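Visitor: Let me begin by handing over the structure; questions about it come next.
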Amino acid sequence: MNQPRGVGVTAVFVAAARAMESGRADRLFDDPWAGEFVGASGWNPPTDQMDDGSREELTTWVAVRTKFLDDFVLDAVAAGCRQLVLLGAGLDTRAFRLPWPQPVTVYELDTAKMVQFKDAVLDGVSPAQAARVTVPIDLRDDWPAALRGAGFGPDVPTAWILEGLLAYLPEDGVDALMRHAGELSGAGSAIGATITNVDFTAAMDDAPLFRGSPLRRRDWLALLHSNGPADPEAWFDSYGWRATAVTVDDLARRYGRVLPEHSVLKQLRQGNRWLVSAVRK
Ligand code: SAM
């Protein structure tokens, strides 16, 4: 099995956080496959060394955004969306674990290597209700053509998820992606996203997360190609979406979670991180 490397390792970090969240008594969701992905990746998260607050920081960030986007997409499908497109799907298991209120087709776009790794781990697992279509593609290439070729219908109301993705694309790639998603979105479509506007260069030399991982901090910084907008609602509006943004801190409080006061990863909070849900204007 080809284990994730480069930007693919970031999806394993997310899976590790989902596995930790799934083990909590007060979990916001249960992702039974997250731990399997991490085990198959060959990396052992140094969770016992993350007692500086970074375990809580990482788990809360991922748990809160996962729960928010789970609710977003279930609402969107209940309201009529019949397609879900996960751009940079990584090790997202929504096709398998969500109780879909209506039949829906889930299109998962990510690099060929990520799709192969994920499918190897999920071999034999069948989605409960969703039809799952994988589209191996680099999102800097002509992904709209690949998506249409896989059966996507631009006239069908669609829910889009951009979770933990945009920072890994260059600014012109983010702009193209937003324009293409708009062009492919009929009436009734919706979009859910994470937006991060932070000082990524803040020192995190000692972040335990990176210990033993195939991705070192300097490698991760080299993968970050753009910073998110400081005003997410205005930014989505400029692409034709009516958006509502909530900060992760506020959302965590809403879910009864508190981000830790002290953590190496807290340095990432020096700007803002938001969860956004938007509808096509
Ligand atoms: N959305 C998933 C989640 O939240 O669980 C994965 C998030 S992970 C931090 C970022 C994902 O974006 C990885 O799976 C990576 O392979 C994918 N990605 C980054 N740049 C990409 C590109 N140019 N083309 C395709 N996928 C890309």
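Visitor: Sort the stretch 153-250 into rounded, prolate or oblate with this rule: let a ≥ b ≥ c be the square roots of the eigenvalues of the Cα gyration tensor; rounded if a/c is under 1.5, and if a/c is not under 1.5, prolate when a/b is larger than b/c, oblate otherwise.
Guide: Working: a/c = 2.40, a/b = 2.02, b/c = 1.19.
Prolate shape, in that a/c is at least 1.5 and a/b is the bigger ratio.
Visitor: Counting only helical runs of four or more DSSP H residues, what would the 222 nm mean residue ellipticity of the chain come to if each run contributes -39,500 (n - 2.57) and the total is spread over all its residues?
Guide: Mean residue ellipticity at 222 nm (helix-derived): -11000 deg cm²/dmol.
Visitor: Same structure, new question: Would you list which aspartates and glutamates come within 14 Å of Lys113, measuring only between C-alpha atoms, while excluding same-chain residues fewer than 8 positions from it?
Guide: Counting by Cα, and skipping residues close in sequence, Lys113 has these aspartates and glutamates nearby: Asp138.
Visitor: With the dipole of the chain worked out from charges on the C-beta (+1 for Lys and Arg, -1 for Asp and Glu) around the Cα centre, which of Thr60, Ala278, Leu177 lies farthest toward the positive end?
Guide: Ala278
Visitor: Calculate the dipole size of the stretch 7-280 relative to its Cα centre from +1 charges on Lys and Arg beta carbons and -1 charges on Asp and Glu beta carbons; express the result in debye to the nearest 20.
Guide: It comes to approximately 340 debye.
Visitor: Here's another thing I want to ask about it. Provide the per-residue ³J(HN,Hα) series for the stretch 229-238, in order, calculated from phi with Karplus coefficients 6.51, -1.76, 1.60 and θ = phi - 60°, each as a whole number of Hz, with x at glycine and proline positions.
Guide: Values, residue by residue: x, 7, 10, x, 5, 5, 5, 5, 4, 5 Hz.
Visitor: Still on this structure: Which shape class, rounded, prolate or oblate, goes with the stretch 1-133 when its Cα gyration tensor gives a ≥ b ≥ c as root eigenvalues, a/c under 1.5 marks rounded, and past that a/b bigger than b/c marks prolate?
Guide: Since a/c reaches 1.5 but b/c is at least a/b, the shape of the stretch 1-133 is classed as oblate.
Visitor: Here's something else I'd like to know. By the scheme Lys and Arg +1, Asp and Glu -1, what is the net charge of all other residues having a beta-carbon under 13 Å from that of Pro229?
Guide: -4
Visitor: Still on this structure, I have one more. Checking the a/c ratio against 1.5 first, then a/b against b/c, what shape does the Cα gyration tensor give for the chain?
Guide: Rounded, because the longest to shortest axis ratio a/c is under 1.5.
Visitor: Run the numbers on the chain and let me know its relative contact order in percent, using alpha-carbon pairs under 8 Å that are six or more apart.
Guide: Contact order relative to length: 22 percent.
Visitor: Same structure again: Can you list which of the DSSP-assigned H helices in the chain have a Cα extent of 15 Å or more along the long axis and an average Kyte-Doolittle score of at least -1.0?
Guide: 8-22, 54-78, 171-183
Visitor: Put +1 on the Cβ of each Lys and Arg and -1 on the Cβ of each Asp and Glu in the stretch 36-173; which of Thr47, Gly88, Gly164 then has its Cα farthest toward the positive end of the dipole?
Guide: My answer, from the dipole projection, is Gly88.
Visitor: What share of the DSSP beta bridges in the chain is antiparallel, in percent to the nearest 5? Intermediate values should be presented prior to the final figure.
Guide: On the way: 15 of 35 bridges.
Percentage antiparallel, nearest 5: 45.
Visitor: Return, ordered by residue number, the residues of the stretch 220-243 whose backbone nitrogen is under 11 Å from a label point located 7 Å along Cα→Cβ of Lys281.
Guide: 234-243, by backbone N distance to the label point.
Visitor: Okay, next question. Percent of accessible area on the chain owned by carbon and sulfur, 1.4 Å probe? Display every interim value, and only then the final one.
Guide: Working: 5540 of 11710 Å².
The C+S portion of the solvent-accessible surface of the chain is 47 percent.
Visitor: Pop the C-beta distance of Asp51 and Ala112 into the FRET formula with R0 = 30 Å and round what comes out to the nearest 0.05.
Guide: 0.20
Visitor: Next up: Which residues' amide hydrogens lie under 5 Å from the amide hydrogen of Leu84, considering only partners 5 or more residues apart or on another chain, with H built in the peptide plane?
Guide: For Leu84, whose amide H was placed from the backbone, the distant partners under 5 Å are Thr105, Val106, Tyr107, Ala159.
Visitor: Sticking with this one: Which value, in Å², gives the accessible area per residue of the stretch 7-280 when a 1.4 Å probe is used on the protein heavy atoms?
Guide: So the stretch 7-280 comes to 40 Å² accessible per residue, rounded to a whole number.
Visitor: Can you tell me how much longer the chain between Arg254 and Arg148 gets when fully stretched, taken as 0.36 nm per residue apart minus their C-alpha distance, in nm with one decimal?
Guide: In short, 34.4 nm is gained.
The values are calculated or read from the model by the stated rules, or taken from the named source; none is laboratory data. All values derive from a computational prediction rather than experimental measurement. Please note: Cβ atoms are built from the backbone with ideal geometry, for glycine as well, and neighbour counts cover all protein chains shown. Only protein heavy atoms, including side chains, enter the accessible area calculation; ligands, DNA and RNA are left aside. Shrake-Rupley method; radii C 1.70, N 1.55, O 1.52, S 1.80 Å.
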